[in-house]
Structure formats: C-alpha cells, structure tokens
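The values are calculated or read from the model by the stated rules, or taken from the named source; none is laboratory data. Quick caveat, the model's predicted, so the values are computed rather than measured. All Cβ positions, even for glycine, are placed from backbone atoms using ideal geometry, and neighbour counts span all protein chains on display. Note: areas computed on protein heavy atoms with side chains; ligands, DNA, RNA excluded. Shrake-Rupley method; radii C 1.70, N 1.55, O 1.52, S 1.80 Å.
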Amino acid sequence: MKTAKATLTYITEKQQRIINKLENILDSISAPELLIQAVRYSTISQGKYLRPLLVYATGECLNLPTHQLDDTACAIELIHCYSLIHDDLPAMDNDDYRRGKPSCHKAFTEATAILAGDGLQSLAFETLSRSAWPSAELKLRACQYLASCIGCTGMVGGQILDINAQTHSLTGISQIHQLKTGALFKACTHLPCLYAQVDEFTSRQLDTFSECLGLAFQIQDDLIDIETDTNNYASILGKDKTIKILQEQSTKCIHIIDEVFSKDSPLHVLTKWITKQK
Ligand code: GRG
C-alpha cells in the first residue's frame, strides 16, 4: 500500500465489508421491531468503523484470513455502538447528536435507547461466541478478554471515574482515557493475537501499541473539545503541548508496529491514517 489512494481503497473496502456483515447479523435476529429499529439506527450509521479496521489489519498482519475475523470485528463494533448510545444518555454525557444525526434517545425514547444498548452488548457476545471459528477454548478466552475490557475493569470503570471526576490531573485523565477508550482498542489487537497464538513478546508489543494508539486517538478528540471540556488533555496542557504529546504518541505507535511487522503492513498504514501522519 504505497499510495494514499491505495490506503483509502483498503479502508473503504473494509468499512463496506463491516457494514455488510453487521447488516447480515441484524437481518438474522428476530426481535421486537422497535428494538431492531433503534439498534439498526445506531449501528448502520456514519461511523468510521475504526475498531473493526484495527481487528482486520492486525489479523492480516498475523496472516489470519479476513473472513475469520468478521465476527470479532462485528462484536467489537456492536460493543462500541452500545457504549455510544449509553454515553449520550441524559444521565451520562447528555448529547443530542451522534454521527451527524439525533442520538438514539432523541430519535427514539430514553428507555428504548437504554434497551438498544443492552441488546447490542448481548448481541456482541452472542456473535463472538457463536462464530464457527476459532476453537471453543480460544473463543472462551476471547469472550473473557473482551468482557474484561468493557466491564468494571475497563470501559464501564472508566466511565464512572469520568462522570465523578473531581480533580483535573493529567494522570487521572490518562487513566480515564485508558479505560474508556484504550481498553476496547486493546481488544481489537489482542483478540487476533490470541487467535494466531503469537508469542508473549509480540502480544505485549501489540498491547502497548494499541494502548498508545487509543491515547493518541483520544488526545485528538480532546483537541477538538478544547473549548467545551475543561477536564481534558488540551484544556489542561494547552494546544501546543497537547499537539506535541500527540505527535510523540503517534510516532511511538509507528515505531512499535515497524519493529514487529514490515513498513507497509496494514497496521502501519492504518495507524498513519488514524493518527493523520504523512
Ligand atoms: C456508558 C457503558 C458506557 C460507556 C461509555 C467508551 C464510552 C464509555 C463512551 C464512548 C463515548 C466517547 C465519546 C468516547 C470517547 C472516544 C470517542 C471519541 C469515541 C468516538 O469514537 P469514534 O470516533 O466514533 O471511533 P465513530 O462514530 O466513528 O464510531
């Protein structure tokens, strides 16, 4: 993938693939119409599908066939969509818009949005555990790992720290970012490592990579929210320092990836795209 056009083609094809796979999953379930409408509204949307892209790119770097990564990519995106629905609720961030359209509780009702999120979470684990591949043991380990990334020890834990944050310290914010955003990014690279049964060193390198990438991604978001959020990297450190940290973090991601894989690996290309590096 040497050109910007080739990168874009790779990303667009994978985004279309994940949309098709998600549509297949939603078409195959028999559930009350209102719930399906709310779930579909929040899933087949104008998202970037970054997390599935990370799953595919990691798997391809580890020589896993793309079709064997579909269920994992879908499961992680379903979790992400659930987290966005619940994060937008009045009791959480109280956001009226998501992905350029009214958030789920605005388009439907608050109760429907809560249930759509709950349904998506269960559907994610159903998808991951029902998949014909890999072995039952690896699937069990994948389910356990994903659960630990999104539950009390991960995303939900990060969310409770965030909504109750009293102090505005960089360490505190880093911890929240790590749990809220980084943990799910880590699942995207860790699960393919688990399936490919890579050695301990490679697995740890990729864990560190996705933690760094999650932080870089979140810092980008903090820069966008600099005026509206007083408890983030950019509002505490200022724009210039934050941009410097973002650059350091992005460079670190590329260094790790280039140590493990070749310089034009799908993960190298995707990382450059996510971190907006030339
Ligand atoms: C309420 C259970 C619960 C969890 C909420 C992870 C989380 C905790 C909320 C996510 C909401 C959020 C705004 C997180 C910050 C990270 C972020 C910028 C998410 C948006 O991710 P993108 O840009 O979204 O990948 P798209 O729309 O492209 O999928």
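A few notes on this one:
- Scanning region 68-82 for residues being within 10 Å of the ligand (Cβ to nearest atom) and more than 10 Å from the chain's Cα centre (by Cα) gives a total of 1.
- Scanning region 87-116 for residues that are free of Cβ contacts under 8 Å to residues at least 40 places away in the same chain, under 17 Å from LEU35 (Cα atoms) and crowded, with 20+ Cβ neighbours inside 10 Å yields SER103, HIS105.
- Yes/no for PRO65 being away from the ligand (no atom under 16 Å from the Cβ) and of a type outside the set (A, V, I, L, M): yes
- Test: residue in region 228-243 that is touching a residue at least 40 places away in the same chain (Cβ under 8 Å), of a type in the set (S, T, N, Q) and touching a Lys or Arg at 6+ places or on another chain (Cβ under 8 Å): no
- Of all residues in region 50-57, at least one satisfies being hydrophobic (A, V, I, L, M, F, W, C), farther than 17 Å from ARG130 by Cβ and more than 14 Å from the ligand (Cβ to nearest atom).
- Residue match in region 131-138 (condition: small (Gly, Ala, Ser), more than 17 Å from ALA73 (Cα to Cα) and open to solvent by less than 50 Å² (accessible area, probe 1.4 Å)): no
- Residue ID - nearest to the ligand (Cβ to nearest atom), chosen from residues in region 19-48 that are part of a loop (DSSP other than H, G, I, E, B) and out of contact with any Lys or Arg (no Cβ under 7 Å at 6 or more places or on another chain): LYS48
- The residues in region 238-250 that are open to solvent by less than 50 Å² (accessible area, probe 1.4 Å) and under 24 Å from the mean Cα position of the chain (by Cα) can be counted, and the count is 5.
- Residue within region 224-237 that is open to solvent by 50 Å² or more (accessible area, probe 1.4 Å), at pLDDT below 95 and under 29 Å from LYS139 (Cα atoms) present: no
- Residues being open to solvent by 10 Å² or more (accessible area, probe 1.4 Å) and in contact (Cβ under 8 Å) with a residue 12 or more places away in the chain - total across region 171-196: 14
- Near pairs, Cβ below 6 angstrom, 6+ apart or cross-chain, from region 44-71 (at positive phi) to any residue that is in a helix (DSSP H, G or I): TYR49/GLN15; TYR49/ILE18
- Of all residues making up region 7-43, the number that are buried (at least 17 other Cβ atoms within 10 Å of the Cβ), more than 20 Å from the chain's Cα centre (by Cα) and of a type in the set (Val, Ile, Thr): 0
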